[in-house]
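The values are calculated or read from the model by the stated rules, or taken from the named source; none is laboratory data. None of these values were measured; they are calculated from a predicted model. When we count neighbours, we look across all protein chains shown, and the Cβ atoms used for this are built from the backbone with ideal geometry, even at glycine.
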Amino acid sequence: MKEEIERRYVQGLELKKDSRIIQGLGIVFNKWSKNLGGFIEMILPESVRDLNWTDVTSLFNHNTDYILGRYPVTMDIQITAAGVRYIVDLPVTSIGERVKEGISRKDIKGSSFGFKVASDGDTWNKREDGTWERRIKKFERIYDLSPVVFPAYPQTSINLNSLKRFNPAEADRIRRYWLHKQRELDLYKYKLS
């Protein structure tokens, strides 16, 4: 079975002046996300404790054809009080040049990360306004910390697996919402190409 990966988008990406080094805050701790289609989430600092970072990559737009770096050789990962920062020494390749130019022009200004939550690594609670809140307390794996042009919509079939334990109807409603949003994003990307 294909391993399913969730993705989240974070603002803020920078290129060190006169260099090929980029850095971004890929994961933010202790902050509520925007509404993700019926739920919000917060990532707790303990979610990355004892995590094996070996083979985490940085990919342009999460595309494995556009690898920018791999931990621990051409990518560094720093866990801070604010979250998880990634630092990449861009390759001297056409994609490295495109990413460097895109960041310097502010065409590329955000980060996203791919992840899988550990079994029982999150909790869900319903809020008074009817939305759900998810607290991620343990990741099973982080796949990539990556610069992106557009936010990657979450793979809702994954995001909602643990919510299904509490409220299957709500999980289905949120899944349908994100499928609609993914179709809108796909249409927008098609129009740009």
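Table for the structure above
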item	result
Lone unmet requirement of (1) of a type in the set (Val, Ile, Thr); (2) in contact with a Lys or Arg (Cβ under 6 Å, 6 or more places away or on another chain); (3) modelled with pLDDT of 90 or more for Thr93	(2)
Lys34 being among the basic types (Lys, Arg), under 30 Å from Ala169 (Cβ atoms) and in contact with a strand residue (DSSP E or B) (Cβ under 8 Å, 6 or more places away or on another chain)	yes
Subset of the range 85-103 that is part of a helix (DSSP H, G or I) and loosely packed, with under 13 Cβ neighbours inside 10 Å - its residue that is nearest to the chain's Cα centre (by Cα)	Glu101
The range 62-84, residues that are surrounded by fewer than 16 Cβ atoms within 10 Å (Cβ to Cβ) and of a type outside the set (D, E, K, R)	Asn63, Thr64, Pro72, Val73, Gln78, Ile79, Thr80, Ala81, Ala82
Search result, residues across the range 25-61 that are within 13 Å of the chain's Cα centre (by Cα) and free of Cβ contacts under 8 Å to residues at least 40 places away in the same chain	Ser33
Residue match in the range 73-84 (condition: more than 20 Å from the chain's Cα centre (by Cα), of a type in the set (A, V, I, L, M, F, W, C) and within 15 Å of Leu145 (Cα to Cα))	yes
Residue list for the range 105-126, restricted to those being surrounded by fewer than 20 Cβ atoms within 10 Å (Cβ to Cβ), in contact with a strand residue (DSSP E or B) (Cβ under 6 Å, 6 or more places away or on another chain) and at pLDDT 85 or above	Lys116, Ala118, Thr123, Trp124, Asn125, Lys126
Selection status of Arg20, among the charged types (D, E, K, R), surrounded by 15 or more Cβ atoms within 10 Å (Cβ to Cβ) and in contact with an Asp or Glu (Cβ under 8 Å, 6 or more places away or on another chain)	yes
Residues within the range 13-53 that are part of a loop (DSSP other than H, G, I, E, B) and closer than 23 Å to Val92 by Cα, tallied	5
Test: residue in the range 151-167 that is in contact with a strand residue (DSSP E or B) (Cβ under 8 Å, 6 or more places away or on another chain), farther than 24 Å from Leu59 by Cβ, at pLDDT 90 or above and not polar (S, T, N, Q)	no
First in the range 104-124 and closer than 16 Å to Glu6 by Cβ, second anywhere and crowded, with 17+ Cβ neighbours inside 10 Å and among the β-branched types (Val, Ile, Thr), Cβ under 6 Å, 6 or more apart	Ser111/Val10; Ser112/Val148; Phe113/Ile27; Gly114/Ile5; Phe115/Ile142; Val117/Ile136; Asp122/Ile136
